[in-house]
Amino acid sequence: MLACNTPPLYTEETNTYRGGWPIGESLYLQREWERIDAIRRAQFKQAADDDKEIMFGDRVMRRSTSTLHDFSPKSSEDVVELAKLPCLTHIEMDGYTESIFPFIETTRSLMNFISYIMVKR
């Protein structure tokens, strides 16, 4: 194939079009991380290496926990407990209360960056 009547620089078969641009992706991810509030990022980084066990409702969990399965909030107090898990990026809920929405709004950028919230019906 000729472009602008100039022969190609490389005539062997290539597969460079398949791999994507990993530098572009890492730059994009870095910019998304920087959009998260600096205090929230610091809390996340500090807790990421913290394997201290904490009480979360009636469960014992590590502070560095990022995924919460079978969360069934019944009140705003249940939702307030989520602040104990600064690395939380994925929540699977069995039902919800309206009080979960402010939590989602304040942590949305981190959760959108890393994962999502799923509600079982």
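Here, each number is a calculation from the coordinates, and none is a lab measurement. Note that the structure is a prediction, hence the values are computed from the model and not measured. When we count neighbours, we look across all protein chains shown, and the Cβ atoms used for this are built from the backbone with ideal geometry, even at glycine.
Summary of computed values
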item: Stretchable slack from GLN30 to ASP51, in nm (0.36 nm times residue separation minus alpha-carbon distance); result: 5.0 nm
item: Nitroxide proxy distance, nm - points 7 Å out along Cα→Cβ at LYS74 and THR11; result: 7.7
item: Distance (nanometres) between label positions extended 7 Å along Cα→Cβ at ARG40 and THR97; result: 2.2
item: Per-selection Kirkwood Rh - segment 21-63 (Cα, Å, 1 d.p.); result: 12.5
